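Asker: Mind having a look at this structure? Questions to follow.
Each value in this text was obtained by applying a stated rule to the coordinates, not by laboratory testing. Since this is a predicted model, take the numbers as computed values, not measurements. Glycine gets a Cβ as well: all are built from the backbone with ideal geometry, and neighbour counts include every protein chain shown.
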Amino acid sequence: MGHRHQLTDSVIQVNHLSFKYTSQYVLEDITLHVRKGAFLGLVGPNGSGKSTLVKCLLGIQTPQQGDISLFGEPLKKFSGWDRIGYVSQKANSFNSGFPATVFEVVSMGLYGKIGLFRFLTKKHKQKVYEAIEKVEMSAYTNENIGNLSGGQQQRVFIARALVSDPDLLILDEPTVGVDVHSVQQFYTMLKQLNQEHGITLVLITHDIGAMTDYVTDVACLNKHLHFHGDTDTFTESENEMMSTLYGHDVHMLTHNHDHSACEVPTS
Amino acid sequence: MEWLESLTFIQRGVIAGVVIGFVSPILGAFLLVRRITIISEALSHITLTGIAAGIFMSQAIAFVSFLNPLYMGFLFSLIGSLLIEKLRQWYKHFEELAIPIILSTGVGLSAILMSASGSATTEWYNYLFGSIITVSLADLSFIIITALLAIAIMSFMYKEFLVISFDQEFASVSGVPVKRMNILFSVLIALVISMAMKVVGILLVGAMITLPVAASIQIAKSFRQILLLGIVFGQVSMIGGIISSYYLNVATGGMVVVVSILLLMLAMGIKKLQHA
Ligand SMILES: Nc1ncnc2c1ncn2[C@@H]1O[C@H](COP(=O)(O)OP(=O)(O)OP(=O)(O)O)[C@@H](O)[C@H]1O
Ligand SMILES: [Mg+2]
């Protein structure tokens with residue numbers, strides 16, 4: 001994508017990050033590097049700190065220790081928020097009574113880019129329609145967001161994250177509530193974005209089996225970063241990895257209703 | 001501004017009404033989607049405290065006697081608005097507590113100041129229930145200045161307010177300075193409340209902010225429609241209320257509310273028909 005000349009090909013750099021909400025650390029001494037063009041799958045059991053790590057990356061939470069850089073700039077000085085697309089875990093963190101149409105919601109993804117110019121230009125509107133098309137929600141463009149099903153809402157939020165042509169896309173369990181068929185299409189779309197458009201992706205998921213077909217890198221988190229490397233290395237040592245991460249009773253730990261997520265693949 | 005001086009009192013009242021009927025529903029739409037319309041109730045009462053303080057001071061201290069008490073009202077409204085924002089953060093899981101705290105503080109202090117200043121009851125009556133015939137030239141220019149400020153804030157920050165109201169977390173990730181915007185939003189609320197109160201009255205300011213959008217949300221399908229229909233309903237309520245109150249010789253705020261309620265019922269009827 002590169003609107004600017006890239007001095008560094010580091011998209012995310014985390015050094016010795018520790019974070020606690022109250023008294024107990026939920027992330028400890030995390031060091032993580034995501035290079036430009038990577039498609040990182042971030043996995044770990046419930047409560048392992050995946051969402052928290054992402055919130056630290058986005059400046060929603062401030063870590064007690066360590067530092068973070070985005071696109072080579074320290075987080076504190078970082079201002080290129082329009083280069084980042086984000087889909088949060090709880091699609092319902094939004095104000096569900098808000099009478100906004102799908103079009104209005106998706107165009108909010110452009111507000112960071114438009115700056116002080118108040119109105120959407122024709123070109124902006126075209127972008128919004130394209131993003132809605134990408135997630136196959138065109139039939140609902142003027143529908144009220146509150147009237148959509150959970151999976152449909154999730155698609156709209158994905159479109160909102162895509163509309164600004166981000167260089168980095170962070171997705172926190174974006175496919176929860178999305179049906180199996182669409183999940184596969186969705187992963188294919190992500191892979192396309194990654195390979196053809198060079199967008200760097202961070203995907204949090206419990207769907208480890210399906211994920212490994214698409215991602216280039218895997219990171220396993222459970223308070224500490226247990227593994228971080230390319231997908232092949234991960235699949236080689238996957239069984240070990242999973243039992244350190246999840247303990248023995250792996251089947252109990254996933255909450256995804258997608259059937260494939262209920263089995264930990266034995267390679 | 002010469003034309004302002006040549007206006008008759010009824011013309012002044014109508015102009016004030018049109019301005020208020022335009023600005024209040026826009027603020028109301030944002031309060032509505034944030035589910036904090038009730039803030040207008042708390043702030044109108046703290047505005048009354050400010051006005052009472054203004055009147056009290058102008059009697060006690062010759063130095064400030066020229067000051068329109070509405071300015072003092074705005075100042076108190078602003079302090080109250082910022083306090084509510086703070087209180088809502090302190091009582092994170094009981095945000096609504098901020099409202100009764102500020103409201104009762106406002107009423108309590110007002111009672112003290114009103115009894116200390118000993119102004120005529122009719123003057124208080126006008127502040128409480130609104131009066132179109134007492135809109136002075138100074139009041140009208142106060143209303144116009146605050147309205148212009150409010151409109152400027154709302155049009156420059158429209159996108160930011162919209163995205164914050166919809167999804168605060170996403171807003172901050174998109175680079176919207178959420179904290180600063182929320183403070184600015186508090187200023188905006190204070191401006192509109194102190195602006196509207198002279199015509200509609202303290203007790204009914206909340207109605208002017210809430211009722212037009214309560215009606216428009218019945219039939220609106222998008223945020224834009226809530227705004228546009230809200231303004232239409234606001235205008236009809238204000239102008240209808242002012243004219244009827246003048247001819248019936250009753251409190252303006254009261255008639256404004258009656259017209260708003262009729263519009264609300266009309267909107268509900270339309271909705272029923274749409275779904276039938
Ligand atoms: N707002 C909060 N206040 C206090 N503690 C929190 C908060 N959010 C999360 N936690 C705690 O931090 C830990 C990590 O939570 P986090 O949401 O990051 O986990 P996760 O890996 O995303 O889990 P899941 O797979 O269920 O989404 C948990 O123990 C949780 O209880
Ligand atoms: Mg999570």
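Asker: May I ask you to list, by number, the DSSP H helices of chain B whose Cα span along the axis is at least 30 Å and whose average Kyte-Doolittle hydropathy reaches 0.5 or more? It would help to have the intermediate numbers written out before the result.
Answerer: Details: long enough: B:9-33 (36 Å, 2.02); B:39-60 (31 Å, 1.03); B:69-90 (31 Å, 0.80); B:178-200 (33 Å, 1.77); B:223-248 (36 Å, 1.37); B:252-275 (35 Å, 1.46).
Helices meeting the span and hydropathy rule in chain B are B:9-33, B:39-60, B:69-90, B:178-200, B:223-248, B:252-275.
Asker: Okay, next question. Note the per residue figure in Å³ for the convex hull of the C-alpha positions in the stretch B:2-201.
Answerer: 122
Asker: Sequence neighbours fewer than 8 away in the same chain don't count; with that in mind, list the aspartates and glutamates whose C-alpha is under 18 Å from A:Lys76.
Answerer: Result set, ordered by chain and number: A:Asp67, B:Glu169.
Asker: So for B:Val173, B:Val200, fewest C-beta neighbours within 10 Å to most, what's the order?
Answerer: Going from least to most buried by this count: B:Val173, B:Val200.
Asker: Under 17 Å from the Cα of B:Lys198, which aspartates and glutamates turn up, not counting those fewer than eight places away in the same chain?
Answerer: Correct list for B:Lys198: B:Glu41, B:Glu123, B:Asp139.
Asker: Using helices alone, what [θ] at 222 nm do you get for chain A, with -39,500 (n - 2.57) per DSSP H run of 4 or more residues, divided over all residues and rounded to the nearest 500?
Answerer: -8500 deg cm²/dmol
Asker: Which aspartates and glutamates does A:Lys122 reach when only Cα atoms under 14 Å apart count, and residues fewer than 8 places away in its own chain are ignored?
Answerer: Those aspartates and glutamates meeting the cut-off are A:Glu130.
Asker: Now for a separate question. Where does each of B:Ser131, B:Ser194 land when they are ranked from fewest to most other beta-carbon atoms within 10 angstrom?
Answerer: Exposure proxy ranking, most exposed first: B:Ser131, B:Ser194.
Asker: Report, in deg cm²/dmol and to the nearest 500, the calculated mean residue ellipticity at 222 nm for chain B, where each DSSP H run with n ≥ 4 adds -39500 (n - 2.57) and the sum is divided by the residue count.
Answerer: About -27500 deg cm²/dmol.
Asker: Still on this model: Write out the trypsin sites (Lys or Arg not before Pro) in the stretch B:29-129 meeting two conditions: DSSP loop, and at most 14 other Cβ atoms within 10 Å of their Cβ.
Answerer: On the way: sites: B:Arg34, B:Arg35, B:Lys86, B:Arg88, B:Lys92; in loops: B:Arg34, B:Arg35.
Sites meeting the loop and neighbour criteria: B:Arg35.
Asker: In nm, to one decimal, how far is the modelled label at A:Asp213 from the one at B:Ile151, with both set 7 Å along Cα→Cβ?
Answerer: A separation of 5.9 nm, rounded to one decimal place.
Asker: What share of the DSSP beta bridges in chain A is antiparallel, in percent to the nearest 5? Write down the numbers at each step before the final one.
Answerer: Details: 21 of 38 bridges.
The antiparallel fraction comes to roughly 55 percent.
Asker: Same structure, new question: Separation between the B:Gln59 and A:Gln64 pseudo-spin-labels, each 7 Å from Cα along Cα→Cβ, expressed in nm?
Answerer: Simple spin-label model gives 5.7 nm for this pair.
Asker: May I ask you to derive the relative contact order of chain A, considering only C-alpha pairs under 8 Å and at least 6 residues apart, and to give it as an integer percent?
Answerer: Reported as a whole number, the value is 25 percent.
Asker: Moving on to the next point. Mind listing which chymotrypsin sites (Phe, Trp or Tyr not before Pro) in the stretch B:90-127 are in a DSSP loop and have 13 or fewer other Cβ atoms within 10 Å?
Answerer: Numbers: sites: B:Trp90, B:Tyr91, B:Phe94, B:Trp124, B:Tyr125, B:Tyr127; in loops: B:Tyr91.
Answer in residue order: B:Tyr91.
Asker: Within the stretch A:93-151, report the trypsin sites (Lys or Arg not before Pro) that DSSP leaves as loop and that have at most 11 other Cβ atoms within 10 Å.
Answerer: A:Arg118
Asker: What stretch of chain A, leaving out the sites themselves, is the longest with no chymotrypsin sites (Phe, Trp or Tyr not before Pro) in a DSSP loop having at most 16 other Cβ atoms within 10 Å?
Answerer: The longest uninterrupted stretch comes out as A:120-267.
Asker: Another one. In the structure displayed, which of B:Lys159/B:Lys179; A:Lys125/B:Lys221; A:Lys55/A:Lys127; A:Lys50/B:Lys159; B:Lys86/B:Lys221; A:Lys134/A:Lys191 lie more than 22 Å apart, Cα to Cα?
Answerer: A:Lys55/A:Lys127; A:Lys50/B:Lys159; B:Lys86/B:Lys221
Asker: Can you compute the FRET efficiency between A:Gln185 and B:Asn182 using 1/(1 + (r/R0)^6), with r the Cβ-Cβ distance and R0 = 35 Å? Round to the nearest 0.05. List each step's numbers first, then the result.
Answerer: Working: r = 39 Å, r/R0 = 1.11.
Computed FRET efficiency for A:Gln185 and B:Asn182: 0.35.
Asker: Give me the Kirkwood hydrodynamic radius of the protein assembly as shown, using the inverse of the mean 1/r over all pairs of distinct Cα atoms, in Å to one decimal. Let's see the in-between values first.
Answerer: On the way: mean 1/r = 0.0385 Å⁻¹.
Result for the protein assembly as shown stands at 26.0 Å.
Asker: Say R0 is 51 Å: what FRET efficiency, to the nearest 0.05, do A:Glu73 and B:Ser104 get from their beta-carbon distance?
Answerer: 0.60
Asker: B:Met268 versus B:Gln89, label points 7 Å from Cα toward the beta carbon: distance in nm?
Answerer: For B:Met268 paired with B:Gln89, the spin-label model returns 3.9 nm.
Asker: Provide the percentage of antiparallel DSSP beta bridges, counting only those with both residues in the protein assembly as shown; round to the nearest 5.
Answerer: Details: 21 of 38 bridges.
Restricted to the protein assembly as shown, the bridges split so that about 55 percent are antiparallel.
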